[in-house]
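Each remark here refers to the structure printed beneath this line.
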Amino acid sequence: GSIVAGLVLNPASLVWMALLACAWVYMFMVRGSTPLVVNGHEVTPQQKLYGMGAFSVLFVFFFTGIGSTLLTSAFLGAGVCAAHGAMREPADLFLEDAEAPGGGGQPTISDILMGKQGGAGGVAPNTGDEFKS
């Protein structure tokens, strides 16, 4: 979300990214199965992929200002996510046994870890007595 917002707020970067996307579409969709020949050598689809990837990295980070926009947006989004995680109170994330859908039945992992006997819904724990003769 933050990368999209960064591109929308910077229209020049958005235009450059659209042109780069058009280059990818042309290279792989429009040309289709037509072989690309460079200096008498037929370029394989894998070589086209590597070449377009290298061209894209150079284009984004060195020829235009898109790289700084993308990195700034990504780090801003990561910072907002980290701040949210640091301030979130996780105590309200787990349902109590009475609030559990279906009224419980089997003990939950938190019941087992906290040593609660009987599990959810008042079900007695399996003590293994039914197997004794």
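The values are calculated or read from the model by the stated rules, or taken from the named source; none is laboratory data. Source: prediction; values computed, not measured. No Cβ is skipped: glycine too gets one built from the backbone with ideal geometry, and neighbour counts run over all protein chains shown. Side chains are part of the model used for accessible areas, which takes the heavy atoms of the whole protein and leaves out ligands, DNA and RNA. Shrake-Rupley method; radii C 1.70, N 1.55, O 1.52, S 1.80 Å.
Some points to look at:
- For region 1-10, residues that are over 19 Å from the mean Cα position of the chain (by Cα) and in a helix (DSSP H, G or I) total 2.
- Flag if Ala54 is aliphatic (A, V, I, L, M), open to solvent by less than 80 Å² (accessible area, probe 1.4 Å) and outside the structural domain of Leu71 (by the TED database): no
- Of everything in region 11-50 that is open to solvent by less than 40 Å² (accessible area, probe 1.4 Å) and in a helix (DSSP H, G or I), the residue that is nearest to Gly77 (Cα to Cα) is Ser13.
- Failed item in (1) free of Cβ contacts under 8 Å to residues at least 24 places away in the same chain; (2) more than 21 Å from Thr72 (Cα to Cα); (3) of a type outside the set (Lys, Arg), with Val8 passing the rest: (2)
- Tally, over region 1-44, of residues that are among the polar types (S, T, N, Q) and touching a Leu at 6+ places or on another chain (Cβ under 8 Å): 2
- Flag if Glu96 is loosely packed, with under 11 Cβ neighbours inside 10 Å, at pLDDT 80 or above and among the charged types (D, E, K, R): no
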